[in-house]
Amino acid sequence: MEEKTVKELKKIVGRDGVLHTPEDLAVYGYDGTFEDSSPDIVVLPETTEQVSRILQLAGRERIPVVTRGMGSGMAGASVPYRGGIVLTMTRMNRIIELDEENGMVLVESGIITAELQAEVEKKGLYYPPDPSSNRQSTIGGNIACNAGGPRCLKYGVTGDYVLGLTVVLPDGRILKTGGKTIKDVVGYDLKSLFTGSEGTLGVITEARLKLIAKPDVIHTASAEFPSLNDASRTVNAILSAGIVPVTLELIDDTAIACIEEAMSLGLPRDVEAMLIIETDGSDKDSVAREIERIGAICKENGARTVTVAKDEDERNNLWKARRSIAPSLARMSPNKLGEDITVPRNAIPEAVRRLKDISARHGLPIAVFGHAGDGNLHPNVLFDLRNPDERATMEKMIAEIFETALDLGGTLSGEHGIGSLKLPFMERAVDAVSLDVQKSIRNLLDPLGIMNPGKALPE
Amino acid sequence: MSQKNDLHKPSENEYLSCIRCGLCLSNCPTYREYLTETASPRGRVALARKGLEGDLKLTPNLYEQMYACFDCLACNEICPVGIRPADLALEMRYFQEQMNPKRWKGTLFSGLLSKPKSMERVTFPLRLYQMLGVRRLVYALGLRLLMPGQLRDMEAMLPHLPQRPLRSVLPEITESHGRSARKVGFFLGCAQSLLFADESAATVRVLARNGCTVITPRDAKCCGMPAMGYGRQDTVLDMARHNIEVFEKSGIEKIITDCATCGSTLKEYGKLLSDDPRWAERAKSFSGRVRDISEFLMEIPIIKPEGAIDARITYHDPCHLRRGQDVRQEPRELIKMINGAEFVEMNEADWCCGSAGSQLITHYGTSLKVLNRKMDNVEGSGADIIASGCPGCQMQLNVGVRRRRSKIRVVHPVLLLDEAYSKKGT
């Protein structure tokens, strides 16, 4: 990076907001995957105006800009493959306005999602989207990837809570969209365009988010299934009965074995799958009735046992098991690649069957778990990156996993995004005209191609 | 110092298994102040890996990131994969020392700190500063305010110093009150002896009152933590062997310490010496018998003190007690046992106070930021007294209290217990 550009950036954000020692650059090249490529400089803005000036400068000098929150993405979306500026939003982390009366909150995009949740919960309010990384990801990152999470089955994904956004466009103009109203049909719905745009259309600096009343009662149950097929059938049986649980999580035997090897939580090792199911609401009796009905449906569909957590401790234990899956897989295997395909819910049993078949044919284990209730599965291939054969096999398996999802009428990604890792499969997954329109929109907003180049859409 | 070809390298497991999930960023005190990846555990792990694998030069700035870690162990605790970034930072410091030993560290850690006598000599001017009334004068005349900020804060770290180090006053054997039910060893830490003598004297009194005959070997040396912090693991091993031997002589059941840092280091001896066939067993047995004073008191049938302390008391978890030794509830239980004491839990009681041994001196800015977060929580609790069983934490909290001109008293929990015992019934 040219000396004069560095100077200019320091003038915009101050000396403390610009990092460029080799050590700084070495730690801003990765996200939550195994991808790694260092930027030329790291800039930490503190205001929307600063972001605007940085983008003007980047446009003038044709410097790529990769926006980054806490770097916990699962698709390489914030990895700066082409160098340039990593624009780190973590210092824009204020709550600007908590409007209790209207049930909404205006925040800067670098706030940590779990901290926002804790703050609004103090007032009896609730921000439902709960990506597993909510303690190490920012609202801005969640919006840019339209993050999901277990609770999204009942409450919807991040995008469903975005009421308004402030976005700095690639040319430095500041765009505001949406506002304090729940309904708003004036003009195109631009907030939905920027949600899930993975840093390619602009930089989200502020967001107004919808909040709901915090549910008082939660019940959590776990059901053990000797047959994986029965477990996946049960998912649809519950939903077809007109019940919408908060979460409906599937954990297969490979995942259970890994959790038990790594942490010994006392999960059953002689079943093919478990479901973790949660219901919530404000009325004690109706929530209890719901979980009972769910228990009965599980039993009818082949569950060996159904256990309802009696207290907060038991509940936490169940969730500990669910949250421990990804790290446990990491402990048991040198590398893992977690995908997040989504299929229509009636195709869940078939999808699970085919995933197991892919594993059997290629010889590398696949752990299947995920938010089965909304058809969002996380097949994780376990392999060793140091072994070139295994890497090649893994890549073949990933391709087959995507084929499976598309064959069954599903899609590549439910909540992680495309980033760079899923790009090669984009053209097969998205309608050609739609893709063409998307490219045109991108080109219109970012004609110079400086915003997160090489990500989200094929070039 | 070992030859370059048999360097002790940090263990690969501590960095190869990192899945870069970033969870450790959420509870790292330095990350949360700077909000940069470089100041985070995941960043340090990445730097260590790249440095050791040759992708990055092992520059002074890379090692500085290892020294910027406060070793509060929060990342070790939260890591879902079970790697220990804080330990890796210490190992990197040791690695640097092996490649490029600094002579002053040899003088300080093998020379000075391992000889209690010489340490007492060099700290004599500080005691003089106070004994002659200079300190009172400095405060009375407002001269303290003329000191540069950091010096002023360092001055504020000093508790009211004992006239003589406790080591030279405390008898080797303190008989129990009444029938002796057990014989225990007391490991008197350097900082406790030199700076918080009243507290360790109280520890011994409380033990004696609870049926313990207390042996305090005079020839025990520094536990080794300061040397460890500055990358001299080799020196720590020498100290460990010496201390193990000293306590083997006295035929005691348990080894008690009232310093969180000493306790966590003593409990590590077993691990540190596990590769040394002559010492592994002895070290393991030694570490297995070490107890923090609060941990020990809750293990034995403790006598409830009759006297009362009417105050709102909060508790700050020393990192090396809570995470280093998994002692969480015991100090709280001790405080709650005291008549009149109203125990209040502050927010983030287990968040580092920013002391980390000497960070107030070496990383002043960061240390103050971390301290401010702590002090907001302390003040938010509305407590009159903050108890914490670590000399480093107490010094740091004293700085916080003085900076905010607050009236909150900083004490060791055992001192409160001792006060309650001596007050008798009211």
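Structure data summary
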| read-out | value |
| --- | --- |
| Filtered residue count, the stretch B:246-269, keeping only those that are under 16 Å from residue B:391 (Cβ atoms) and more than 14 Å from the chain's Cα centre (by Cα) | 1 |
| Filtered residue count, the stretch B:79-95, keeping only those that are away from every other protein chain (no Cβ under 14 Å) and either polar (S, T, N, Q) or under 15 Å from residue B:25 (Cα atoms) (or both) | 1 |
| Any hit, the stretch A:75-89, residues being within 19 Å of residue A:195 (Cβ to Cβ) and among the aromatic types (Phe, Trp, Tyr) | no |
| Residue that is surrounded by the fewest Cβ atoms within 10 Å (Cβ to Cβ), among those in the stretch A:215-273 that are polar (S, T, N, Q) and under 23 Å from residue A:316 (Cα atoms) | A:264 |
| Condition met for residue A:192 (touching a residue at least 12 places away in the same chain (Cβ under 8 Å) and either over 30 Å from residue A:383 (Cβ atoms) or surrounded by fewer than 23 Cβ atoms within 10 Å (Cβ to Cβ) (or both)) | yes |
| Index of the failed condition, residue B:48 passing every other in (1) more than 9 Å from chain A (Cβ to nearest Cβ); (2) aliphatic (A, V, I, L, M); (3) surrounded by fewer than 22 Cβ atoms within 10 Å (Cβ to Cβ) | (3) |
| One residue from B:34, B:63 being under 24 Å from residue B:374 (Cα atoms) and within 11 Å of chain A (Cβ to nearest Cβ) | B:34 |
| Of residues in the stretch A:38-70 being within 19 Å of residue A:23 (Cα to Cα) and among the aliphatic types (A, V, I, L, M), the one surrounded by the most Cβ atoms within 10 Å (Cβ to Cβ) | A:70 |
| Given (1) more than 21 Å from residue B:419 (Cα to Cα); (2) in a helix (DSSP H, G or I), index of the condition residue B:332 fails | (1) |
| The stretch B:344-392 - residue that is surrounded by fewer than 24 Cβ atoms within 10 Å (Cβ to Cβ), touching a residue at least 12 places away in the same chain (Cβ under 8 Å) and among the charged types (D, E, K, R) and, of those, nearest to residue B:225 (Cα to Cα) | B:350 |
| Criterion (part of a helix (DSSP H, G or I) and in contact (Cβ under 8 Å) with a residue 40 or more places away in the chain) met by exactly one of A:318, A:337 | A:318 |
| Positions within the stretch B:393-424 being surrounded by 19 or more Cβ atoms within 10 Å (Cβ to Cβ) and not in a helix (DSSP H, G or I), in sequence order | B:408, B:410, B:411, B:412 |
| Looking only at the stretch A:340-366, and only at residues there that are without any contact (Cβ under 8 Å) to a residue 40 or more places away in the chain and among the charged types (D, E, K, R), the one that is surrounded by the fewest Cβ atoms within 10 Å (Cβ to Cβ) | A:361 |
| Search result, residues across the stretch A:434-459 that are charged (D, E, K, R), crowded, with 16+ Cβ neighbours inside 10 Å and farther than 17 Å from residue A:78 by Cβ | A:442 |
| Residue list for the stretch A:71-98, restricted to those being surrounded by fewer than 24 Cβ atoms within 10 Å (Cβ to Cβ) and not in a loop (DSSP other than H, G, I, E, B) | A:95, A:96, A:97, A:98 |
| Hits in the stretch B:66-77 (condition: among the small types (Gly, Ala, Ser), within 12 Å of another protein chain (Cβ to nearest Cβ) and part of a helix (DSSP H, G or I)) | none |
| Helices (runs of 4 or more DSSP H) lying entirely in the stretch B:125-197 (those with 2 or more residues that are under 22 Å from the mean Cα position of the chain (by Cα) and in contact (Cβ under 8 Å) with a residue 40 or more places away in the chain) | B:149-157, B:190-195 |
| Output for the stretch B:113-124, where each listed residue is surrounded by fewer than 16 Cβ atoms within 10 Å (Cβ to Cβ) and assigned to a helix (DSSP H, G or I) | B:117, B:118, B:121, B:122, B:124 |
| Residue selected from the stretch B:5-31 under the condition assigned to a helix (DSSP H, G or I), free of Cβ contacts under 8 Å to residues at least 40 places away in the same chain and closer than 22 Å to residue A:335 by Cβ, by the criterion nearest to the other protein chains (Cβ to nearest Cβ) | B:25 |
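For (1) in a helix (DSSP H, G or I); (2) among the small types (Gly, Ala, Ser); (3) in the same structural domain as residue B:418 (by TED's automatic domain parsing), each residue gets a yes or a no:
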{"residue": "B:251", "(1), (2), (3)": "no, yes, no"}
{"residue": "B:271", "(1), (2), (3)": "yes, no, no"}
{"residue": "B:276", "(1), (2), (3)": "no, no, no"}
{"residue": "B:286", "(1), (2), (3)": "yes, no, no"}
{"residue": "B:310", "(1), (2), (3)": "no, no, yes"}
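The values are calculated or read from the model by the stated rules, or taken from the named source; none is laboratory data. Please read these numbers as outputs of a predicted model, since none were measured by experiment. Neighbour counts are summed over all protein chains in view; Cβ atoms, including those assigned to glycine, are modelled from backbone coordinates with ideal geometry.
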